[in-house]
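S.K.: Input: one structure, supplied below.
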Amino acid sequence: MTSVRFDNRVALVTGAGGGIGRAHALALAERGARVVVNDYGVSLKGDQEQDDRAQSVVNEIKALGGEAVANRDSVADPEGAAAMVTQALDTFGRIDIIVNNAGINASDAIQDEPGPAYERHMAVHLEGQLLTVRAAWPHMERQRYGRIVNTSSAAALGFVQPNGTWFGSYAIAKGGVLAATRQQAGAGAGHNIKANAILPLAISRMVAPSIPGTTVLDYMERHTGPAHVALAAAVLASELCPVSGQAFSLSGGRVALLVYASPLGYANPDLTPESVLENWDQVMGESDEEHRLLNFYEAVDNAFEYTLMQRAG
Ligand code: NAD
């Protein structure tokens with residue numbers, strides 16, 4: 001079996017002081033990468049806390065025999081994003097991999113006036129990853145190598161919070177991450193720069209393990225740690241990454257492409273609003289078995305049940 005290694009590669013993982021980011025940093029370092037462990041040290045809502053969680057992950061990596069340095073800049077600050085990349089170059093001489101993971105969830109609703117939560121979501125999730133990629137881009141282009149893993153969310157597809165509320169501008173920013181990934185993949189195509197996105201599900205402080213309810217969450221409670229996400233994302237961060245511009249749903253040991261697809265649909269050069277309505281089943285692909293798409297959550301639920309059955313033997 002081909003091994004996925006990162007020897008001689010330098011990775012920057014943002015928001016890596018805990019949760020999924022820490023798991024990315026450990027997984028990459030364990031397989032040979034030298035890692036810049038970034039974390040601004042904020043609360044879930046994005047308030048600054050006196051915190052040195054980046055350094056504690058660096059200590060963990062060093063204790064395991066790996067190489068890492070800590071960075072405490074904010075991804076949302078253009079100077080901070082540039083400084084992270086400069087730190088990678090000054091310390092390790094290059095930058096090959098960016099895992100844009102830093103995130104907050106400040107909870108707002110779509111019907112609210114855009115306020116501080118909206119601004120924070122856009123700044124951290126969307127601008128943050130754009131700024132970091134922009135700072136590294138000229139170096140990746142020059143060395144004709146780059147791997148970018150952006151963190152989106154099932155929230156972008158309409159997943160609601162366990163208490164039934166919608167994610168608001170968090171989800172909108174995460175939708176932007178999917179579009180940004182496509183753009184980066186397009187721009188990187190001639191330069192061996194590959195960009196992909198992940199939609200993770202993992203128990204972290206952002207998703208408490210005690211949430212009761214659906215099959216997905218019951219499953220997560222039992223089986224889903226951030227390491228599952230990081231080990232699958234390592235493929236996308238590696239030299240062997242087979243694709244660019246795609247997004248993958250990752251959790252609990254399940255890895256699946258997110259399909260951006262359209263059924264054959266209804267086609268008629270003389271269409272009228274009435275004929276569109278009359279042929280709505282074709283528009284929706286319901287009459288087209290081959291192209292019928294599973295609802296995303298139906299697919300996730302089915303896959304989790306299938307995995308559970310397999311584990312149960
Ligand atoms: P987490 O809260 O444990 O970790 C996020 C880290 O990002 C924190 O350590 C925080 O200090 C850091 N951070 C926040 N703002 C920052 C900034 N401006 N600059 C640098 N660091 C910053 O959350 P997590 O669950 O590990 O989430 C990691 C990523 O995955 C986030 O982007 C999140 O939106 C996304 N995500 C998580 C889940 C899940 O199931 N946990 C689901 C979907 C998406």
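The values are calculated or read from the model by the stated rules, or taken from the named source; none is laboratory data. The structure presented is a predicted model; accordingly, all values stated were derived computationally and were not measured. Positions of Cβ are backbone-derived with ideal geometry, glycine not excepted, and every protein chain shown enters the neighbour counts. Each accessible area value is taken on the protein alone, full model and side chains, heavy atoms only, with ligands, DNA and RNA left out. Shrake-Rupley method; radii C 1.70, N 1.55, O 1.52, S 1.80 Å.
S.K.: Among the residues of region 176-193, is there at least one that is open to solvent by less than 50 Å² (accessible area, probe 1.4 Å), of a type in the set (S, T, N, Q) and assigned to a helix (DSSP H, G or I)?
M.R.: Yes, some residue in region 176-193 is open to solvent by less than 50 Å² (accessible area, probe 1.4 Å), of a type in the set (S, T, N, Q) and assigned to a helix (DSSP H, G or I).
S.K.: Which residues, taken from region 97-132, are closer than 19 Å to Asp47 by Cβ, of a type in the set (Gly, Ala, Ser), at pLDDT below 95 and open to solvent by less than 40 Å² (accessible area, probe 1.4 Å)?
M.R.: If the condition is that a residue be closer than 19 Å to Asp47 by Cβ, of a type in the set (Gly, Ala, Ser), at pLDDT below 95 and open to solvent by less than 40 Å² (accessible area, probe 1.4 Å), then Ala106, Gly115, Ala117 are the ones that fit.
S.K.: A follow-up question, please. Among the residues of region 105-158, which ones are under 12 Å from Val177 (Cβ atoms) and part of a strand (DSSP E or B)?
M.R.: Ile148, Val149, Asn150, Thr151
S.K.: Could you tell me how many of the residues in region 262-278 are open to solvent by less than 50 Å² (accessible area, probe 1.4 Å) and modelled with pLDDT of 95 or more?
M.R.: 2
S.K.: Now, a different point. Looking at Arg94, Arg53, which is the one that is surrounded by fewer than 23 Cβ atoms within 10 Å (Cβ to Cβ), in contact (Cβ under 8 Å) with a residue 24 or more places away in the chain and either near the ligand (Cβ under 9 Å from one of its atoms) or under 12 Å from Gly15 (Cβ atoms) (or both)?
M.R.: Answer to the selection: Arg53.
S.K.: Every residue in region 1-39 that is open to solvent by 20 Å² or more (accessible area, probe 1.4 Å), in a helix (DSSP H, G or I) and within 16 Å of the ligand (Cβ to nearest atom), please.
M.R.: Matches in region 1-39: Gly19, Ile20, Arg22, Leu26.
S.K.: Are any of the residues in region 136-145 within 14 Å of the ligand (Cβ to nearest atom), open to solvent by less than 40 Å² (accessible area, probe 1.4 Å) and of a type outside the set (D, E, K, R)?
M.R.: No, every residue in region 136-145 fails to be within 14 Å of the ligand (Cβ to nearest atom), open to solvent by less than 40 Å² (accessible area, probe 1.4 Å) and of a type outside the set (D, E, K, R).
S.K.: Which condition does Ala70 not pass, out of (1) within 12 Å of the ligand (Cβ to nearest atom); (2) aliphatic (A, V, I, L, M); (3) touching a residue at least 60 places away in the same chain (Cβ under 8 Å), if it passes all the others?
M.R.: (3)
S.K.: Further, regarding this structure: Which condition breaks for Ala83 when tested against (1) over 30 Å from Asn163 (Cα atoms); (2) crowded, with 20+ Cβ neighbours inside 10 Å; (3) under 23 Å from the mean Cα position of the chain (by Cα)?
M.R.: (2)
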